[in-house]
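Below is one structure, written out as C-alpha cells; the observations come after it.
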Amino acid sequence: MIVHEFLRWMDTAPIAMRAGAAHALARAYLHSDVDEETRSGMEAAMTVLLDDPAHEVRFALADALASSPAAPRHVILTLATDQMDIAGLVLACSPVFIDAELVDIVAGSSDRLQVAVAERPLVSGGVSAAIAEVGEIDACRTLLLNIGADIARISLKRIAERFGDDPDIRDILLSRTGLPADIRQMLIRRLSDSLGALVAGKAWISEGRATNMTREACDRATVSIAAESASEELVPLVEHLRITGQLTTALLLRALCAGNVRFLEAALSVLSGIPQARVESLVEAGRVNAFRGVYAKAGLPIVAFDAFAAALETCRKMAEEGGITDRYRFTRRMVENVLARYRDITDGEANELMTMLRRFAADQAREAARDYARIATAA
C-alpha cells in the first residue's frame, strides 16, 4: 500500500522532489531490511520510474544503483539504453553486466558508451578484445590507460594495427611495460613510414632517398628491439617481420654484426622449419657445413653465406676472448672480417650488403663517440 501511495505522489510531485525520492527508494531497496513483499513493491516502483519523463529522476535512480551488485538486473539493463550520461554511468561501474552483454554493447554503441565500458574497474580479456576490434579510438585509448583491463597480446596488436598512426595511441603502447617485440616493431615501422612520407611530401629530399633513410632507420630500430627482447619474444618478432616483408638478408646480417646471434637462430628456425633448439646447437657447434645446410634450407641467398659464416666465426672468437667489452671495436672487427670475404665479389646483392655494412660500421662509430662524450661530460 505504501508503494502505491508513493507512485500516486510521484505523479504530481515536482521534478526535484521526484528525483530525491527515486534516489531514496533505490537506496532503501539496497540497504533496508524489509520483507519480501515490500522489496517486490520497491522493485516494481523502480521499474515504473524507468518511464518517468524527467531525466533527473532516471539519473537519480542510476546514481543510486550503478555500483551495487544487488541492483535489479532489468532496471540496470534498461538504464543502459537511456540517455548518454545515464547509460554511461551504469556501464562504467555496474557489476550486474556479464561479458556477453558488454561485448554486444561495445559492438552496437556510440564512442561515448564504448569509453564507459573501457573505464570499468575491471575489464575482462573478452571485452577488451571487442573494444580492440570494433571500438573507436577514444575507447581504445581509455582501455590502454585502464590498469584494471586485461588486454591480451592479440588485442594490443589489433589496436596497433588500427590506430598505430595516432601519436597518442602509439606513445601509450610504446610506454607499456612488457609490450611484445613484434608490436613494438610494428609501431616503429609505422612511425618511420609516416616520417618518410612527411619528408618526401615536403620535398626536403627525394622520395627514393626518403625511402632508403626510413628503411635504414627502421632496420636500426628493429635490431635494437631484437637485442632487448627475451628469447621467447624472438620467434613472434621474426614471424611478424617475415609476414610484413621486412625479414631481409641485410637485416639479419646487421643484427648478427651487432652480436645478436639469438635473432639469427630464431630467423633460421622460422624460415627453415627446423626446431629452434636444433638450429641453436648447429650454430653453436661452429661446423660450417652443418650451418650451410640450415642456411640453404632457410632460403637465404648463397652469395651472402660467407658473410654470415665470417660473422659467426668472429662472434665465437670474441666470446672466447671474453665477449663484447667495447661495442665499437667489436663492430669494427666484425665488419672488417665480413667485408674481407667480399673483396673479389661483384654480385649486385653482395655490393648492396657491403654498402649496408659500411653504413652500419659508421653508425656504430658515431654511437660509440656519443657514449664516450656522455661519459666524459658526466665525469
Worksheet item: Given the chain, what whole percent of its Cα pairs are spread farther than 31 Å?
Response: 55 percent
Practice prompt. In whole Hz, with x marking every Gly and Pro, tabulate ³J(HN,Hα) for region 163-175 from phi via Karplus 6.51 cos²θ - 1.76 cosθ + 1.60, θ = phi - 60°.
Written response: 10, x, 7, 7, x, 5, 4, 4, 5, 5, 5, 5, 8
Worksheet item: Nearest 10 degrees, 0 to 90: what angle lies between the long axis of helix 276-285 and the longest principal axis of the chain (Cα atoms)?
Response: 30 degrees
Response to the item:
Per-residue ellipticity at 222 nm attributable to helices in the chain (runs of n ≥ 4 DSSP H, -39500 (n - 2.57) apiece, nearest 500 deg cm²/dmol) works out to -23500 deg cm²/dmol
Worksheet item: Nearest 20 debye, what's the magnitude of the dipole of region 207-317 about its Cα centre given +1 on Lys and Arg Cβ and -1 on Asp and Glu Cβ?
Response: 300 debye
Response to the item:
For the chain, the dipole about the Cα centre with charges only on Cβ (Lys and Arg +1, Asp and Glu -1), to the nearest 20 debye, works out at 2280 debye
Practice prompt. Could you list which residues have their amide H under 5 Å from that of Val123, counting only those 5 or more apart in sequence or on another chain, with H placed in the peptide plane?
Written response: Ala149, Asp150
Worksheet, complete the sentence: Placing each pseudo-label 7 Å from Cα in the direction of the beta carbon, Arg242 and Ile302 end up separated by a distance in nanometres of 2.3 nm
Response to the item:
Per residue, accessible area of the chain with a 1.4 Å probe, heavy atoms of protein chains only, in Å², comes to 50 Å²
Item to complete: Just the number, please: carbon plus sulfur as a percent of the accessible area of the chain, 1.4 Å probe, no ligands or DNA/RNA counted.
Response: 54 percent
Worksheet item: Hey, can you rank 264-273, 19-28 by average C-beta count inside 10 Å, highest first?
Response: 264-273, 19-28
Item to complete: Just need log10 I(q)/I(0) for region 258-319 at q = 0.13, 0.16, 0.19 Å⁻¹, Debye formula, equal scatterers on the alpha-carbon atoms, no solvent, rounded to two decimals.
Response: -0.28, -0.43, -0.62
Practice prompt. Calculate, in nm to one decimal, what Leu30 and Ala277 gain on full extension: separation in residues at 0.36 nm each, minus their alpha carbon distance.
Written response: 82.9 nm
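The values are calculated or read from the model by the stated rules, or taken from the named source; none is laboratory data. Quantities reported herein were computed from a predicted structural model and do not represent experimental measurements. Please note: Cβ atoms are built from the backbone with ideal geometry, for glycine as well, and neighbour counts cover all protein chains shown. All accessible areas refer to the heavy atoms of the entire protein, side chains included, with ligands and DNA or RNA removed. Shrake-Rupley method; radii C 1.70, N 1.55, O 1.52, S 1.80 Å.
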